[in-house]
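A quick write-up on the structure given underneath.
The values are calculated or read from the model by the stated rules, or taken from the named source; none is laboratory data. Only a predicted model underlies this, so the values are computations on that prediction, with no experimental measurement involved. In this analysis, Cβ positions are derived from the backbone assuming ideal geometry, glycine residues included, and neighbour counts consider all displayed protein chains.
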Amino acid sequence: MIPAAFDYARPTTVDEALQVIADGGDDVKILAGGQSLIPVMRLRLAAPELLVDLTRVEELRGVREEGHQLVVGAMTTHADVLADPLLARYAPLLVQATGTVADRQVRRRGTFGGALAHADPAGDLPAVALALDAEFVIAGPGGRRTVAAADFFLDYLTTALVDGEILVGIALPKLAADDGWGVRYEKFNRVAQAWSIVAVAAAVRREGGRITEARIGLTNMGPTPLRASATEAALVGVDVSLETVTAAAAQAAAGTSPSNDLNAQADYRQHLAQVLTRRAVTAAAGL
Ligand SMILES: Cc1cc2nc3c(=O)[nH]c(=O)nc-3n(C[C@H](O)[C@H](O)[C@H](O)COP(=O)(O)OP(=O)(O)OC[C@H]3O[C@@H](n4cnc5c(N)ncnc54)[C@H](O)[C@@H]3O)c2cc1C
C-alpha cells in the first residue's frame, strides 16, 4: 500500500529539528533510516501528518571517544557501525550483533538510534545496549537529558522518549580485549537475515581463571530486552569452566516472559535462552 499523504521536513541541525517538531503539532514522526517506520506507514498503521527526516543532520552521525566512553550518534547507520575502528576495538559486542541485523540493504539505511528508539523486542541492538549499560542522550525543547538503558526500554515498542524529543547519541563503556573482556552475540533464527527468535548478548571479563564481571542481555524474551541477572550473579567469582558456565546458564530464563508465536512457544524460547547463554558465555570467556 502507499502511505497516506504527509508533509516532509529535512532539517540540518538538532536545534532546527527540535523546532520543526515543536511547530509540527500533535502528529509528527521522526524519520531515521525508515526501515521500520516506512513499512508501518505503508500498512497505514501509522499516518503522521509530518515526517522530520534526520538524514541531513551531520552532528548525529559517527563515533567519538569521550574519556572512558564511546558516544555513537543516533543516525550512525548499521553499515557505519560495522566499519568503525573505535567500535571494533572497544565495543565488539555491538559490532557482532549489528552484523546479524537483516541484510546489506537494510544495514545501509537503518540506524543504531532508530533501532533503539523503535524498541522491537526481537531487534538485536536493544539487548546489546542493555547488557552494556548504555546511556541514552536525548534532546528536547527543555535541553538535554541522559537516561540509563535500564530505564529506557519501558514496554513493547515503548521507550522513555516523549513527544518532541530526539535521541541524539548512545554512550557505551569501552570494554577492550586487552582489559580482559571477551564478547559474543549468539542469535537463533530460522534462516539467515531473519529476526531473532531468541538471542543472547554476553560480555565477560576474565582475570586469570575467574570471571570478575558478567553482562548478559536477552533478545525477544519479553516485551523489552532483559538482563539475565541470575546468570550474571552466578558467574562472578567462580572458577571458569564448562561446568560452572553451564550451571550459571541454566538460570538464564529466570524472570523472563517470552511470547508464544508462529516461530516458537514460550517454553521453547526459555530453553533457547539457556542454551544460547551457555554458548555465548563459553565463547566470550574463551573456553
Ligand atoms: C527486512 C528487514 C529486516 C530486518 N531485520 C532485522 C534484524 O534481524 N534485527 C534487527 O535488530 N533489526 C532488523 N530490522 C530493523 C532495522 O534494524 C531497522 O534499521 C531499525 O529497526 C529501525 O531503524 P531505522 O533507522 O530504519 O528507523 P526508522 O524506521 O526511521 O524509525 C523507527 C522508529 O524510531 C523513531 N526514531 C528513529 N530515530 C529516532 C531518533 N533519533 N530519535 C527519536 N526517535 C527516533 C521513528 O520515529 C520510528 O518510530 C529489519 C528491517 C527490515 C526492513
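Scanning region 26-39 for residues that are in a strand (DSSP E or B) and near the ligand (Cβ under 6 Å from one of its atoms) gives Lys29, Ile30, Leu31. On the basis of being among the hydroxyl-bearing types (Ser, Thr, Tyr) and in contact with a Phe, Trp or Tyr (Cβ under 7 Å, 6 or more places away or on another chain), does Thr98 make the cut? So Thr98 fails the test. When Ala17, Ala47 are screened for being small (Gly, Ala, Ser) and away from the ligand (no atom under 11 Å from the Cβ), only Ala47 passes. Just one of the numbered conditions (1) buried (at least 23 other Cβ atoms within 10 Å of the Cβ); (2) more than 9 Å from the ligand (Cβ to nearest atom) is not true of Thr219: (2).
With respect to Asp267, determine if the residue is part of a helix (DSSP H, G or I) and free of Cβ contacts under 8 Å to residues at least 40 places away in the same chain.
Numbers: part of a helix (DSSP H, G or I): yes; free of Cβ contacts under 8 Å to residues at least 40 places away in the same chain: yes.
Yes, satisfied.
Taken residue by residue, region 61-74 has no member that is modelled with pLDDT of 95 or more, closer than 30 Å to Arg205 by Cα and part of a helix (DSSP H, G or I).
Taken together, Pro85, Pro11 contain a single residue that is of a type outside the set (Asp, Glu) and more than 21 Å from the chain's Cα centre (by Cα), which is Pro11.
With Arg190, Arg205 as the choices, which residue is surrounded by 14 or more Cβ atoms within 10 Å (Cβ to Cβ) and of a type outside the set (A, V, I, L, M)?
Details: Arg190 fails: surrounded by 14 or more Cβ atoms within 10 Å (Cβ to Cβ).
It is Arg205.
In the condition set (1) at pLDDT 95 or above; (2) near the ligand (Cβ under 10 Å from one of its atoms), Phe188 is compliant with all but (2). Pairing residues of region 34-57 that are acidic (Asp, Glu) with residues that are within 8 Å of the ligand (Cβ to nearest atom) and outside any helix (DSSP H, G or I), at Cβ distances under 7 Å and at least 6 apart in sequence or on separate chains, gives Asp53/Leu31.
Can we say Ala214 is of a type in the set (Gly, Ala, Ser), within 30 Å of Glu58 (Cα to Cα) and touching an Asp or Glu at 6+ places or on another chain (Cβ under 7 Å)? Break it down into steps so the answer makes sense when it comes.
On the way: of a type in the set (Gly, Ala, Ser): yes; within 30 Å of Glu58 (Cα to Cα): no; touching an Asp or Glu at 6+ places or on another chain (Cβ under 7 Å): yes.
It is false that Ala214 is of a type in the set (Gly, Ala, Ser), within 30 Å of Glu58 (Cα to Cα) and touching an Asp or Glu at 6+ places or on another chain (Cβ under 7 Å).
Among the conditions (1) away from the ligand (no atom under 14 Å from the Cβ); (2) touching a residue at least 24 places away in the same chain (Cβ under 8 Å); (3) of a type outside the set (Lys, Arg), Asp23 misses just one, which is (2).
For region 251-263, a residue qualifies if it is surrounded by 15 or more Cβ atoms within 10 Å (Cβ to Cβ) and more than 22 Å from the chain's Cα centre (by Cα), and exactly one does: Gln251.
From Ser229, Ser196, grab the single residue that is modelled with pLDDT of 95 or more, more than 20 Å from Pro92 (Cα to Cα) and among the small types (Gly, Ala, Ser).
Details: Ser196 fails: more than 20 Å from Pro92 (Cα to Cα).
Of Ser229, Ser196, the one residue that is modelled with pLDDT of 95 or more, more than 20 Å from Pro92 (Cα to Cα) and among the small types (Gly, Ala, Ser) is Ser229.
Within region 213-234, residues that are part of a strand (DSSP E or B) have Cβ atoms under 9 Å from residues that are among the acidic types (Asp, Glu) in these pairs: Glu213/Glu232; Ala214/Glu232; Arg215/Asp133; Arg215/Glu232; Ile216/Glu232; Thr219/Asp124, counting only partners at least 6 apart in sequence or on another chain. Within the set Asp179, Asp151, Asp133, Asp163, the sole residue that is under 17 Å from His118 (Cβ atoms) and of a type in the set (D, E, K, R) turns out to be Asp163. Restricting attention to region 83-109, the residues that are buried (at least 17 other Cβ atoms within 10 Å of the Cβ), more than 10 Å from the ligand (Cβ to nearest atom) and not polar (S, T, N, Q) total 8. Within this structure, Gly237 passes the test of being exposed (fewer than 14 other Cβ atoms within 10 Å of the Cβ) and either of a type in the set (Gly, Ala, Ser) or over 20 Å from Pro92 (Cβ atoms) (or both).
Across region 50-80, the qualifying residues are those that are away from the ligand (no atom under 11 Å from the Cβ) and either hydrophobic (A, V, I, L, M, F, W, C) or more than 18 Å from Val137 (Cβ to Cβ) (or both), and the one among them that is nearest to the chain's Cα centre (by Cα) is Val72.
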